[in-house]
Each structure stands twice: as C-alpha cells, then as structure tokens.
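Here is the structure we will look at, set down as structure tokens.
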Amino acid sequence: MLADPEGTILYRLKGYSRKDGKPAIALEIQGEVSLSCQRCLEPVRHRLRSERSLVFVPASRLADFEDEEDDTDYLPVEDPVEPLALVDEEAVLSLPMSPRHQEGGCSTDSGMSRLQRECAPQESDLH
Ligand SMILES: [Zn+2]
C-alpha cells in the first residue's frame, strides 16, 4: 500500500492504570508516509497523527467492551503484546482509504506530465 518505504513513523507507548483499575496502554503515532495518488499514481505525502488507548480485559469479557468507545481498543489481557504490531495496525488504520493530491495538485492536471514538459523541445531547437 505504501508507495515507498521511506516514510517515517514515530510512536510512543505509555502503560498506565485506568481509573477503573484496568491496565492500559496509551499509543501515540505521528509521521509522514508516501502513498500512491488514486488519480495520477504519483507519490503523495500523507501526515499521520493518531492516538489510541488499548485497554486490557480478560478474554472472557472482551465482548462486553468491544465498540464501546471509538478511540479505545480492548485486548485480551492473556495475550502477549507486540508493540510494533500495535503501531503498525494503528498506522494502517489512520491511512486515508483513497489518498489523492489536493485539488489541482496532480501532475496530470496541467494536461502534460512533468516528464513530458521536461522532454519537450525548446523553441530555439526548432530552427
Ligand atoms: Zn495526484
């Protein structure tokens, strides 16, 4: 899905106890990645910024909590946590479904691609 692997994502994980006593992790990511524009297929930069709370509950009670809060995920407390997998998942979730350049920002919008403009002969060459 990523147009190039040069995007960087910074993340921060912080464990804490919620007011209700449940163990939780505050996950914060931000960064910039390159995606393929859905109109012209050229790379388009996309800024990521997302926060999520991950709350650990017994697997048997997971169904009671799911979809309760938008920015909170509930995970079974019995499962080992893979921090990078959490970051990865959150990054993917925060990507736009169909990335595009801003209006008029596509290289095809001018009628000529950047490549064609650069290769077009200068007028002086025509004499
Ligand atoms: Zn575009």
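The values are calculated or read from the model by the stated rules, or taken from the named source; none is laboratory data. All values reported here derive from a predicted model rather than from experimental measurement. Quick reminder, even Gly has a Cβ in these numbers, built from the backbone with ideal geometry, and neighbours come from all protein chains shown.
Among residues of the stretch 11-37 that are more than 24 Å from Glu78 (Cβ to Cβ) and among the polar types (S, T, N, Q), none has a Cβ under 6 angstrom from a residue that is modelled with pLDDT of 95 or more and in a strand (DSSP E or B) at a sequence gap of 6+ or on a separate chain.
Considering the stretch 56-74, the residues that are surrounded by 11 or more Cβ atoms within 10 Å (Cβ to Cβ) and under 21 Å from the mean Cα position of the chain (by Cα) include one that is modelled with the lowest pLDDT, namely Glu69.
Is the stretch 57-74 home to any residue that is in contact with a Pro (Cβ under 8 Å, 6 or more places away or on another chain), of a type in the set (A, V, I, L, M, F, W, C) and assigned to a strand (DSSP E or B)? Yes, the stretch 57-74 contains at least one residue that is in contact with a Pro (Cβ under 8 Å, 6 or more places away or on another chain), of a type in the set (A, V, I, L, M, F, W, C) and assigned to a strand (DSSP E or B).
Scanning the stretch 45-73 for residues that are touching an Asp or Glu at 6+ places or on another chain (Cβ under 6 Å) and farther than 22 Å from Leu10 by Cα yields one hit, Ala59.
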